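Written below as structure tokens is the structure these notes are about.
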Amino acid sequence: MGIWSCIGTSLDEVTASLRAGKCGIGHDPSRIAYGYQTDLTGVVPCPELKPLLHRRLRAGLSDEAAYAFMASKQAFEQAGIDEEYRNSHEIGVLFGNDSSAKAIIETDRALQQRPDTALLGSGLIFQSMNSTVNMNMSSIFHLSGINFTVSAACASGSHAVGLGYLLIKQGLQDCVLCGGAQEVNTFAMSSFDALGAFSKRMDEPLRASRPFDRDRDGLVPSGGAAALVLEDYDHAVQRGATILAEVAGYGFSSNGGGISQPSDDGSVTAMMRAVTMAGLTPADIDYVNAHATGTPQGDRFEALALNRIFNGLPALISSTKGMTGHECWMAGASELVYCTLMLRHGFVAPNINFENPDEDTALLNLVTHTVETPLRNVLSNSFGFGGTNSAVVLKG
């Protein structure tokens, strides 16, 4: 696995942040000047790529592809997959990504100043396409297997892992680099801000993202990238890989309703499909990493769904978005990294900033402080605009 996020840029740093309930949210004053209603954002470091990549390879990298490179580099290193191995074995790449705004804005601004496309250079096209991440990862790491982008709003990263799992399960691939990436620049979230969906608690950035709390007032946008190397079990054992966890089930559904309307029915369908595919029942789930972003409606419908499945059962529940904000297209993949770290290290990260329940969240078995406990089976939820739902079960 690999991670580049507002709570850390290494697995060790992220593990420590999750355990401590450390929040990575801060201010970006340029957003107010640009016309945003709020300047809150996950603060993601800009990677230094010059020592790592030739200029020709850097030219085509969007912000999110740069994050994805750092996460993928970590993942391949931990997996023990070097350049020689990649060149001699077929490895696929599936990344969740649903926008690449910065390059498009920069292209327009350049043409407004000097209306001549010949002056744009070749890099902007590869930065501006939705497939910017997987095309760059395929080129940089010489990946010759499956290669496409999963574009499914805030469930993109989770669906990428789920599809990688299905391809391996069907014997079509032995190894797939899966993940999700999200740009964090000012241009990326302006239209989202227009919906009034972001928290305006600017005087308390560390307390602004409040999943499931009665006083939540919206999500905090964030981003970065997460990468996971999925591999057929026998293939991994044969080459002596260290196995971190097993993807055991993938569930999906569509709400089929309003384009921004959540649904407890759709959420239940995705969760139960994942649990059933894993050969488990809800009673077997030790922990649920909830999608909950801190929006009034989204958290309400997920709480209803979780109560329909887990009310009265021992599963612990938390949303890590209190710490990270909503990592959007990346979130489904990053939260699987977070879940795997919890599985490996035997703890459940807290749902920070939860102080008061409402009528829908009061029945949830929410973890508000870190719980040290062994975990066997965890479920991670990701839901997105357009009614797309994804759920993945991991076994330790």
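Run Asn147 past the list (1) at pLDDT below 95; (2) among the polar types (S, T, N, Q); (3) touching a Ser or Thr at 6+ places or on another chain (Cβ under 7 Å) and report the number of the one that doesn't hold.
(1)
Within segment 103-124, track down each residue that is assigned to a helix (DSSP H, G or I) and in contact (Cβ under 8 Å) with a residue 24 or more places away in the chain.
Once the filter is applied, which keeps residues that are assigned to a helix (DSSP H, G or I) and in contact (Cβ under 8 Å) with a residue 24 or more places away in the chain, segment 103-124 yields Ala103, Ile104, Ile105, Gly123.
Are there any pairs, at least 6 apart or on different chains, whose C-beta atoms fall under 9 Å, with the first in segment 52-80 and within 29 Å of Ala245 (Cβ to Cβ) and basic (Lys, Arg) and the second surrounded by fewer than 16 Cβ atoms within 10 Å (Cβ to Cβ) and modelled with pLDDT of 95 or more, and if so, which?
Going by the 9 Å Cβ cut-off, the qualifying pairs are Lys73/Leu52.
Looking at segment 30-62 only, could you name the residues that are within 16 Å of Phe141 (Cα to Cα), hydrophobic (A, V, I, L, M, F, W, C) and buried (at least 20 other Cβ atoms within 10 Å of the Cβ)?
If the condition is that a residue be within 16 Å of Phe141 (Cα to Cα), hydrophobic (A, V, I, L, M, F, W, C) and buried (at least 20 other Cβ atoms within 10 Å of the Cβ), then Leu61 is the only one that fits.
Being out of contact with any Phe, Trp or Tyr (no Cβ under 9 Å at 6 or more places or on another chain), loosely packed, with under 15 Cβ neighbours inside 10 Å and either under 24 Å from Ser99 (Cα atoms) or touching a residue at least 24 places away in the same chain (Cβ under 8 Å) (or both) is the filter here, so list the residues in segment 221-266 that pass it.
His235, Gly240, Thr242, Ser254, Gly256, Gly257, Gly258
Being among the hydrophobic types (A, V, I, L, M, F, W, C), within 17 Å of the chain's Cα centre (by Cα) and farther than 20 Å from Met70 by Cβ is the requirement here; does Ala194 meet it?
Numbers: among the hydrophobic types (A, V, I, L, M, F, W, C): yes; within 17 Å of the chain's Cα centre (by Cα): no; farther than 20 Å from Met70 by Cβ: yes.
No.
As an exercise: evaluate Glu106 against (1) over 24 Å from His326 (Cβ atoms); (2) charged (D, E, K, R); (3) under 20 Å from the mean Cα position of the chain (by Cα) and give the number of the one condition it does not meet.
Evaluating Glu106 over (1) over 24 Å from His326 (Cβ atoms); (2) charged (D, E, K, R); (3) under 20 Å from the mean Cα position of the chain (by Cα) leaves (3) as the failure.
So, in segment 195-211, exactly how many residues are touching a helix residue (DSSP H, G or I) at 6+ places or on another chain (Cβ under 8 Å) and within 17 Å of Glu327 (Cα to Cα)?
Let us first name the residues in segment 195-211 that are touching a helix residue (DSSP H, G or I) at 6+ places or on another chain (Cβ under 8 Å), namely 198, 201, 209-211.
Add one more test, that the residue is within 17 Å of Glu327 (Cα to Cα), and what stays is 198, 209-211.
The number of residues fulfilling the criteria is 4.
Does Ala194 satisfy being more than 17 Å from Asn97 (Cα to Cα) and at pLDDT below 95? Before you say what the answer is, go through the steps one by one.
Numbers: more than 17 Å from Asn97 (Cα to Cα): yes; at pLDDT below 95: yes.
So Ala194 passes the test.
What's the total number of residues in segment 133-154 that are touching a residue at least 60 places away in the same chain (Cβ under 8 Å), in contact with a Leu (Cβ under 8 Å, 6 or more places away or on another chain) and buried (at least 18 other Cβ atoms within 10 Å of the Cβ)?
Residues meeting the conditions: 4.
Asp203: surrounded by fewer than 18 Cβ atoms within 10 Å (Cβ to Cβ), outside any strand (DSSP E or B), free of Cβ contacts under 8 Å to residues at least 40 places away in the same chain and over 18 Å from the mean Cα position of the chain (by Cα), yes or no?
Here the answer is yes, as Asp203 does meet what is asked.
The values are calculated or read from the model by the stated rules, or taken from the named source; none is laboratory data. Since the model is a prediction, treat every value here as computed from it, not as a measurement. Glycine gets a Cβ as well: all are built from the backbone with ideal geometry, and neighbour counts include every protein chain shown.
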